[in-house]
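Structure first, commentary second.
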Ligand SMILES: Cc1cc2nc3c(=O)[nH]c(=O)nc-3n(C[C@H](O)[C@H](O)[C@H](O)COP(=O)(O)O)c2cc1C
């Protein structure tokens, strides 16, 4: 029988009891999620992204099934960091796993303000969601290595929390962006977020989302996320990676570890089954037993042809 130590992993200096991380935006504030799911299946759970001031989000429809995956265009609806810290932050200490915050903003200064607020609320790490719109430049921070690095450096100077820089698979050159945020002080990268997508209802002839183009997630994006993890782990072997995208079973987690991720996010799969983390972890444990190995031994252990 394997012990839980075989499940332990680390993102640089940050220790995780299991390699699973409940992905941002798919477990709400984590507080309600904890009432239905066993949080101890996860080494950490990430609360929904928060900005410096309240964001209204987009009009419905904001979620739609699309083939084997899901489209979302929520627009990061949230109450802003001050209300968040008061309403949600105060409930986090009682939860049985590490809770991470996620910062979004239109400017590097806004990201830093949120990170400071998250820090004050007691989160154990902060994800910097660089895949949100950057109104000043009209694009996404995660597509621009210089802008992404500026946000990371500004947050780094404002908080001592460990920083995970969440990048986008839509980036032209994911290695270039990963390298820039690494140099700016990110403790790890999160690879990745949703892939731009769209869909249409052929009866109403309307787009599936009010915002038309949204984020595509779920099982079909797994190869895209694995490609990002592989490219970054090959180019920057010292930079820890949290792999996210399309995970629905223990086998997927093993694939991400082999590609070079040290921890693996579970996202869209929660919408079909909020308790799926426990099942995925059991499948990982079964693999470890069957192959007489451990999570840490599998990180980057893909064999060459
Ligand atoms: C409905 C929904 C909301 C999301 N909200 C956020 C968010 O607020 N911040 C963030 O960094 N990622 C957000 N994500 C992205 C997920 O954390 C994850 O990176 C992405 O969905 C890919 O993983 P998956 O295929 O396992 O879902 C959201 C995803 C979904 C499906």
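The values are calculated or read from the model by the stated rules, or taken from the named source; none is laboratory data. This one's a predicted model, so the numbers in the text were calculated from it and none came from an experiment. So basically every Cβ, Gly included, is an ideal-geometry build from the backbone, and we count neighbours across all protein chains shown.
From 29, 9, 51, 102, which residue is away from the ligand (no atom under 16 Å from the Cβ) and touching a residue at least 24 places away in the same chain (Cβ under 8 Å)? If you could, list the steps in order and put the result at the bottom.
Numbers: 29 fails: away from the ligand (no atom under 16 Å from the Cβ); 51 fails: away from the ligand (no atom under 16 Å from the Cβ); 102 fails: away from the ligand (no atom under 16 Å from the Cβ).
Answer to the selection: 9.
Restricting attention to region 174-203, and to residues there that are in contact with a helix residue (DSSP H, G or I) (Cβ under 8 Å, 6 or more places away or on another chain) and part of a loop (DSSP other than H, G, I, E, B), which single residue is surrounded by the fewest Cβ atoms within 10 Å (Cβ to Cβ)?
Filtering region 174-203 down to residues in contact with a helix residue (DSSP H, G or I) (Cβ under 8 Å, 6 or more places away or on another chain) leaves 174-181, 183-186, 189, 191-195.
Still in the running and part of a loop (DSSP other than H, G, I, E, B): 184-186, 192-194.
Working: 184: 20, 185: 15, 186: 29, 192: 28, 193: 27, 194: 27.
Checking each candidate, the answer is 185.
From the list 122, 137, exactly one residue is more than 22 Å from residue 19 (Cβ to Cβ), part of a loop (DSSP other than H, G, I, E, B) and at pLDDT below 95. Which is it?
Numbers: 122 fails: at pLDDT below 95.
Going through 122, 137 in turn, just one is more than 22 Å from residue 19 (Cβ to Cβ), part of a loop (DSSP other than H, G, I, E, B) and at pLDDT below 95: 137.
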Exercise for the section: Considering (1) within 9 Å of the ligand (Cβ to nearest atom); (2) more than 30 Å from residue 161 (Cβ to Cβ), say which one residue 205 fails and leave the rest. Expected result: (1)
Exercise for the section: Take the residues in region 212-225 that are touching a helix residue (DSSP H, G or I) at 6+ places or on another chain (Cβ under 9 Å) and in contact (Cβ under 8 Å) with a residue 60 or more places away in the chain, then tell me which one is farthest from the ligand (Cβ to nearest atom). Expected result: 219
Practice task
Of the conditions (1) farther than 25 Å from residue 259 by Cα; (2) touching a residue at least 40 places away in the same chain (Cβ under 8 Å); (3) part of a helix (DSSP H, G or I); (4) in contact with a helix residue (DSSP H, G or I) (Cβ under 7 Å, 6 or more places away or on another chain), residue 157 clears all except one; give me its number.
Solution key: (4)
Handout entry: The one condition in (1) touching a residue at least 40 places away in the same chain (Cβ under 8 Å); (2) more than 12 Å from the ligand (Cβ to nearest atom); (3) surrounded by fewer than 21 Cβ atoms within 10 Å (Cβ to Cβ) that residue 75 fails to fulfil
Key = (2)
Completion exercise
Pairing a residue in region 293-305 that is under 7 Å from residue 258 (Cβ atoms) with any residue that is surrounded by 13 or more Cβ atoms within 10 Å (Cβ to Cβ), where Cβ atoms lie under 7 Å and the two sit 6 or more apart in sequence or on different chains, gives 298/254; 298/257; 298/258; 301/258; 302/258; 302/259
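Per-residue answers, yes or no, for (1) touching a strand residue (DSSP E or B) at 6+ places or on another chain (Cβ under 6 Å); (2) within 12 Å of the ligand (Cβ to nearest atom); (3) part of a loop (DSSP other than H, G, I, E, B):
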position	(1), (2), (3)
210	no, no, yes
227	no, no, no
230	no, no, no
242	yes, yes, no
255	no, no, no
